[in-house]
Amino acid sequence: MYYGGRSTGSRGDFDQALNIVETMMKSGLTSLGIANLEMVTTEELMKENSKILDELMTRTREHLEKQRNVFDYSLDILMKEEVLSGEQFRCQFRDSVLLPA
């Protein structure tokens with residue numbers, strides 16, 4: 001959101017997303033429908049995989065942008081105090097939901 005890329009910390013999340021997409025494909029929950037994946041070309045599988053992950057990335061960014069004020073304020077706290085507890089961070093989200101936009 002701030003640096004235009006992914007951190008190494010997001011690797012586990014990405015792996016989990018890949019596993020979910022694989023499960024979706026095996027279950028017929030993609031635009032490929034119910035198919036024998038052994039008969040689908042690698043190119044088609046990769047295309048579907050990329051399409052799903054790109055859509056999810058777009059939706060995730062949209063959700064995060066809606067809370068940009070929370071992230072900006074958290075960054076200010078971190079720059080000043082170098083520490084932000086999980087509880088403080090959760091409180092900022094809770095408070096942002098209660099405040100008018």
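Remark: pairs (first residue in the range 31-50, assigned to a helix (DSSP H, G or I); second residue small (Gly, Ala, Ser); Cβ separation under 7 Å; 6+ apart in sequence or on different chains) = GLU48/SER31.
Being basic (Lys, Arg) and modelled with pLDDT under 90, is that true of even one residue in the range 93-100? Yes: the range 93-100 contains one or more residues that are basic (Lys, Arg) and modelled with pLDDT under 90.
Restricting attention to the range 8-30 and to residues that are assigned to a helix (DSSP H, G or I) and among the small types (Gly, Ala, Ser), the residue that is modelled with the lowest pLDDT turns out to be GLY9. Scanning the range 63-96 for residues that are part of a loop (DSSP other than H, G, I, E, B) and surrounded by 10 or more Cβ atoms within 10 Å (Cβ to Cβ) turns up GLN67, LEU84.
The values are calculated or read from the model by the stated rules, or taken from the named source; none is laboratory data. Quick caveat: nothing in here was measured; it's all calculated off a predicted structure. For neighbour counting, all protein chains shown are included, and Cβ atoms are generated from backbone atoms with ideal geometry for every residue, glycine included.
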